[in-house]
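Undergrad: Take a look at this one; I'll ask things after.
Bear in mind that the values in this text are calculations on the coordinates, not laboratory data. What you see is a predicted model, and the numbers here were worked out from it, not measured in a lab. Here Cβ is always computed from backbone atoms with ideal geometry, including for glycine, and neighbour counts include all displayed protein chains.
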Amino acid sequence: MAHTASPQPVTINPAPALVGRIRVPGDKSISHRSLMLAALAVGESRVEGLLEGEDVLATAAAMRAMGADIARGADGIWRIHGVGVGGLLQPQAALDMGNSGTSTRLLIGLVASHPITATFVGDASLSARPMQRVIAPLSLMGADFTPSPGGRLPLMVRGLAPAVPITYTLPVASAQVKSAVLLAGLNTPGITRVIEPVATRDHSERMLAGFGAVLSVEQTPEGRLISITGEAELKPQSIVVPGDPSSAAFWLVAASIVPGSDVVVENVGMNPTRNGIVNALRLMGADITEIDARDVGGEPVADLRVRHAALKGIEVPRELAPSMIDEYPALFVAAAFAEGRTVARGADELRVKESDRIAVMKDALIANGVSLIEHEDGLSIDGTGGEAIPGGARIASKLDHRIAMSMAIAGLHARAPVMIDDAAPVRTSFPTFFALLDALGGSVTWS
Ligand code: S3P
């Protein structure tokens, strides 16, 4: 499951203009939730456009190990027969989450209110990530945890049924923690409440309601209050997963920085809790137009046309952070080509993603000739004003897909090729990334 196989070094060749129409794979957050909720519904759900990346396949394997019947048809549609809320079975072996923090934290939430015990394991990156943020609220609900030192994986959780409903105020802006508590609340008698002082991606709320859970959202002086009534009965659904805005982001940046580029990315999810990168790039002067804005399966979607533009440095509004938290590595690359300084702060959560994305991007950009200053909560980057960066260095992707893809984009407009020590992690979220790069006119050398 995890990309523990051999590393895949790749060299990114400087590219001519990127031109074409592409479609990015399905949204990762929505794909995970589709499988989890369908696995808890009674009857057959169908999912079209599921992201078939390693992270989502880890979720599928785990839900199968806990009793769901999940199969991909030759038509590319996934069919899921669920076990019903409360019906998860004891897995017979440790659940291998590979590189996926979302699978891990959300599934820990599901197990927490079922009468089963599960052990979660993952790769070196995932095993270094903090789990205390879900252990704390789920312990209050009655689950019992045996984590590794520092609240990390491997971790065993013994669920409690019936669990105890809680009202929990999120200490960090995290959709994963919010979702873990809401998913635990599905099989918990009474009302489980989460208050988020800062709004994060709302796919769990939308999809839980879509599957028939009794869920309400209100604005209170303390923040967004989400209430879910257990023990829920979920009804099977047909889901169409929109394209992942986090994957689209790489092409928005790539076309913005490579002179002469003109790219349309079709079918991009435009949920306002996710599209902060479009706003940030527009503030920098990016030329992005939305074509055919529409609704697909309850999520706003549009085709995005992006053309090369002269970017300028900005102070990235801190309030955008939750809606573009996964896009900072790509934004740092855009900043490296802007005129003047870009200050991106207020994003301390980047320190605990698949890698420490502040430190790893700092090293990768500096090695390739970019000037910047590191802050505890972000980077200040002095851009080239549109010129190619020097490039020429080999960077370490540190088992982090978004580092590999961001530096691949940086290499498209460099004086010397940028080398990436391991591009295998790209398969976790965006298996077609290099094929799309090729389709747009870029080229890479595998070694
Ligand atoms: C996700 C939430 C975010 C994000 C991750 C996906 C989700 O994590 O970084 O890629 O699907 O809920 P946090 O909740 O840790 O911010």
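Undergrad: With Cβ to Cβ distances under 15 Å as the rule, what net charge do the other residues near Gly285 carry (K, R +1; D, E -1)?
TA: +1
Undergrad: Let me see the P(r) profile for the range 28-239: every Cα-Cα distance counted, bins of 5 Å, each bin given as a percent of all pairs.
TA: Pair shares across the bins are 1, 8, 17, 21, 22, 17, 10, 3, 1, 0.
Undergrad: Sticking with this structure for a sec: Mind giving me the FRET efficiency for Ser447 and Glu315? R0 is 35 Å, r the Cβ-Cβ distance, nearest 0.05 is fine. Working shown, then result.
TA: Details: r = 40 Å, r/R0 = 1.13.
Efficiency, from the Cβ-Cβ distance: 0.30.
Undergrad: Still on this structure: For the range 312-322, what does the Karplus curve 6.51 cos²θ - 1.76 cosθ + 1.60, with θ = phi - 60°, yield as ³J(HN,Hα) per residue in whole Hz, taken in order and with x for Gly and Pro?
TA: Values per residue, Gly and Pro as x: 10, x, 9, 8, 6, x, 4, 5, 6, 3, x Hz.
Undergrad: Counting only other residues whose beta carbon sits under 10 Å from that of Val177, what net charge do I get with K and R as +1, D and E as -1?
TA: Result for the local shell: +2.
Undergrad: Quick one: Karplus J couplings for the range 301-308, per residue in order, coefficients 6.51, -1.76, 1.60, θ = phi - 60°, nearest Hz, x for Gly and Pro?
TA: 9, 8, 8, 10, 9, 10, 10, 3
Undergrad: Order of Glu231, Glu319 from fewest to most other C-beta atoms within 10 Å?
TA: Least to most surrounded, the residues fall as Glu319, Glu231.
Undergrad: What list do you get for Leu37, Leu126 if you sort them by fewest beta carbons within 10 Å?
TA: Fewest-to-most Cβ neighbours within 10 Å comes out as Leu126, Leu37.
Undergrad: Also, quick follow-up: Could you point to the residue in Leu331, Ser31, Ala124 farthest towards the positive end of the chain's charge dipole, with +1 and -1 charges on the Cβ of Lys/Arg and Asp/Glu respectively?
TA: Ala124
Undergrad: Based solely on its DSSP helices, what 222 nm [θ] is calculated for the chain when runs of n ≥ 4 H residues each add -39,500 (n - 2.57) and the sum is averaged over all residues, nearest 500 deg cm²/dmol?
TA: -8000 deg cm²/dmol
Undergrad: Which residues' amide hydrogens lie under 5 Å from the amide hydrogen of Ser371, considering only partners 5 or more residues apart or on another chain, with H built in the peptide plane?
TA: Hits under the 5 Å cutoff: Asp382.
Undergrad: What does DSSP give for the chain in terms of the percent of beta bridges that are antiparallel, rounded to the nearest 5?
TA: Taking every DSSP beta bridge with both residues in the chain, the antiparallel ones total about 75 percent.
Undergrad: List the residues whose amide H sits under 5 Å from the amide H of Glu339, counting only those 5 or more places along or on another chain, with H placed 1.01 Å from N in the peptide plane.
TA: Counting only residues 5 or more places away or on other chains, the set is Leu311, Lys312, Gly313, Gly385.
Undergrad: Can you give the FRET efficiency to the nearest 0.05 for Asn13 and Arg345, using r as the Cβ-Cβ distance and R₀ = 35 Å?
TA: The formula returns an efficiency of 0.55 here.
Undergrad: To the nearest Å, what is the center-to-center distance of the range 113-131 and the range 151-180, using C-alpha atoms only?
TA: About 12 Å separates the Cα centre of the range 113-131 from the one of the range 151-180.
Undergrad: With 23 Å as the limit, write out which pairs from Lys312/Lys362; Lys178/Lys362; Lys178/Lys353; Lys312/Lys353 have Cα-Cα distances beyond it, or answer none.
TA: Lys178/Lys362; Lys312/Lys353
Undergrad: Continuing with this model, one more query. Relative to the present Cα-Cα distance, how much length would full extension add between Thr220 and Ala416 at 0.36 nm per residue of separation?
TA: 65.2 nm is the gain from fully extending Thr220 to Ala416.
Undergrad: Taking the Cβ of each residue in Ser29, Ser261, Ser371 as the centre, tally the other Cβ atoms inside 10 Å and list the residues starting with the fewest.
TA: Ser371, Ser261, Ser29
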